[in-house]
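Notes for the one structure printed next.
No lab work stands behind these numbers, since they all come straight from the coordinates. All figures in this text were calculated on a predicted structure; none of them were measured in a lab. Using ideal geometry, Cβ is built from the backbone for each residue, glycine included, and neighbour counts are taken over all protein chains shown.
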Protein chains: 2
Amino acid sequence: MKVTPWEVSGDVDYDKLIREFGVSKIDSSLLKRLEKHTGKTHFLLRRGIFFAHRDLKWILDEYERGNKFFLYTGRAPSGPVHIGHLMPWIFAKWLQDKFGVELWFQFPDEEKFLFKKDIEFGETQKWLGENMLDVIALGFDPKKTHFIIDTKDAGLMYREACKVAKKITFNMVKSSFGLDDSANIGQIFYTSMQAVPAFLPSVIKGKNIPCLIPHAIDQDPHFRLTRDILPKLGYYKPASIQCIFLPPLSGTEGKMSSSENSSIFTTDSPREVEAKIRKYAFSGGRDTLEEHRKKGGNPDVDVSFQYLRMFFEPDDKKLEQIEKDYRSGKLLTGELKEYLIKKINEFLKEHQKRREKAKTEINKFLFK
Amino acid sequence: MKVTPWEVSGDVDYDKLIREFGVSKIDSSLLKRLEKHTGKTHFLLRRGIFFAHRDLKWILDEYERGNKFFLYTGRAPSGPVHIGHLMPWIFAKWLQDKFGVELWFQFPDEEKFLFKKDIEFGETQKWLGENMLDVIALGFDPKKTHFIIDTKDAGLMYREACKVAKKITFNMVKSSFGLDDSANIGQIFYTSMQAVPAFLPSVIKGKNIPCLIPHAIDQDPHFRLTRDILPKLGYYKPASIQCIFLPPLSGTEGKMSSSENSSIFTTDSPREVEAKIRKYAFSGGRDTLEEHRKKGGNPDVDVSFQYLRMFFEPDDKKLEQIEKDYRSGKLLTGELKEYLIKKINEFLKEHQKRREKAKTEINKFLFK
């Protein structure tokens, strides 16, 4: 397996990542503690999709003594948003609602420009506009949500990034990200920009505010470095909460990617979703109907089932029944796929409606 | 000798620098060609203080066919301005007047923060304000002069810097500046920001405009790299014109520095100037009055004479007479120093008056 901020491949062993990255597993006692504040926890937590954290207990300690945190997450625009991208944002929205906190949403519009050979700023700018619509469509509170765009807001961010950069040597970047001497100097500097939203609200408000970052586990190397540096600048170490990757339709290795046509994009039509799921969704079912009825399917490797578990079936009882029926052979792959198609299309219909409406709302979210 | 953008020491051999850096010497035919446009050339040119260039002939070719250039120079604020700093700016002002061109003046207020251990942004910001007064005091045309400040104008500059950065590897920075793996990632990125003003006017005006950079020779590694990159982005290679260093009072090695108390600062009082010149100015005179009268002094190593030649005595005939009298022993070191003190104080009196007035003019110069 390979897990870096720029590449995820192979069969991801999350227990190994927990050890290697040094994050902590979210256990039942932490879930119970969260429940005190949120009521029933989000299914992404209950089902272990958000599975690890750093300093989440400290965030709750501070919250309980009246010191509210803010949320920070982001999106590097370079292509369309797929459903895998939405997971941490949906979770961030839930946290915003339950804790009544601000969200600082970073659009590092230079990142993909710096890391991908063939992409120009014109293209990242186009996707920046498109991607913002998807974020807004999830229903964030515009009064509590601030979009910051690296190139546009550099007048605010670059100075802060320099403060971070002064504390990071090339040696540190080498060991954190595996960059070498052939890396371009924008790539080398970039992690300083990704660190900034973790303390920018503290700079702006002139007081130290705890930060909680919901993110997919591949981004952890950035925030590990950020955590080392921020105390040296007089700010709290940001806390974080990590989710696993939504697998690609082709199977449970790697993660869904913008560059693959088979990914489910937020702008897909019902017919496209139908075709993609039918054609590509890796099945845990048996080769023949007879064998399936007899031996049952395997939901653990069945991508359709996993999508229901990770995203489209919030109802635990319903999910349990589906799992049982699939394992027993009562539910066929085709039926499972039809159910998933229906659920995705219900979600996307609503999302696309909100996405359309979002076109007039961008201004409310831009940080000024 | 050592000549980098961050350190100048030893006995600087300019002919060696010409070979090592690959710049061209300004010869008499080029001076004659300049004269066609400027009338009598500035004494900084005539006396070989501005001694080398890159592509100055091309700048004149373009100018002669109606394609005006713009000037770019700058100042990294971290301390008071001394008279050595003023040399390239005075020359830039002369070029602005003679060619009627725009000047883009960069204040990279992050540079010294990134390269010096103990300096914070609060201090660079204080000096930024002070240093701008010295630039304005030289009489630049506010309609044709634009101050850009890296951290403040990063909203405009950072994106352009990323375009440069994408074309520069750490390997290139290593060989150009001698940085190693222990360099901080802000230092590594910095040269991209210094490249930006060489094409920013072209970006803003949406057409390719030739750029001429008057600067002290130690900054050449930045612009050598800039020249390699800009054509890859579709812009002209910037041309440049280099000056030698004003020596420190202590002798003809190294260059005058902000961090030495004995430097002549633009805010020095007449009494301070008097004391510094009397106490520190290295003399090319003889040990005794008798010996001096007999054998004469050596103006080549006499700092007072060099200051007159490089800055304070624009009158060629007068300077020639002083040199002759000093070499013959007719003029004593004490007399030479008195003359220099008088000239510096005349200059500073006027400069300080204009500097005071500049306090209400900063706004006219800031790029908006």
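Side notes on the structure shown:
- Three-way shape label, the range B:2-249, alpha-carbon gyration tensor, a/c 1.5: rounded
- Looking at the range A:2-249, the DSSP beta bridges with both ends there are about 35 percent antiparallel.
- Straight-line cross-link partners of B:Lys98 among the aspartates and glutamates, defined as a Cα under 15 Å from its Cα and at least 8 positions apart when in the same chain: B:Glu35, B:Glu64, B:Asp141.
- With label points defined 7 Å past Cα in the direction of Cβ, position A:Glu7 shows copy-to-copy spacings of 3.7 nm, given to one decimal and shortest first.
- Nearest-first distances (nm) between copies at B:Asp316, label 7 Å from Cα via Cβ: 9.4
- Neighbour counts of C-beta atoms inside 10 Å place B:Thr360, B:Thr226 in the sequence B:Thr360, B:Thr226, starting with the fewest.
- Sorted shortest first, the separations between the A:Gly234 label point and its copies elsewhere in the assembly read 4.4 nm; each point sits 7 Å from Cα along the Cα-to-Cβ line.
- Residues of the range A:321-357 with amide N under 14 Å of a point placed 7 Å along Cα→Cβ from A:Arg293: A:329-333
- Contact order, relative form, for the range A:214-368: 19 percent (alpha carbon pairs under 8 Å, 6 or more residues apart, mean separation divided by residue count).
- When each of the peptides B:261-273, B:15-27 is scored by how many other beta carbons lie within 10 Å of its residues on average, the order from highest to lowest is B:261-273, B:15-27.
- Estimated FRET transfer efficiency when R0 is 22 angstrom, pair B:Asp181-A:Glu20 (beta carbons, to 0.05): 0.45
- Cβ neighbours within 10 Å from other chains - mean over A:186-196: 5
- Along its principal axes, the range A:270-356 has C-alpha extents of 47, 28, 16 angstrom, given from the largest down.
- Calculated [θ] (222 nm, deg cm²/dmol) that DSSP helices of n ≥ 4 give over the protein assembly as shown, each run adding -39,500 (n - 2.57): -15000 deg cm²/dmol
- Cα gyration tensor category, rounded, prolate or oblate, for the range A:129-257 with a/c compared to 1.5: oblate
- Inter-chain Cβ neighbour average for residues B:168-175, partner chain, 10 Å: 5
- Ranked by how many other beta carbons lie within 10 Å on average, peptides A:109-117, B:251-259, B:32-40 from highest: A:109-117, B:251-259, B:32-40
- Percent antiparallel among DSSP beta bridges (both partners in the protein assembly as shown, rounded to 5): 40
- Cα gyration tensor shape for the protein assembly as shown, rounded if a/c is under 1.5, else prolate or oblate: prolate
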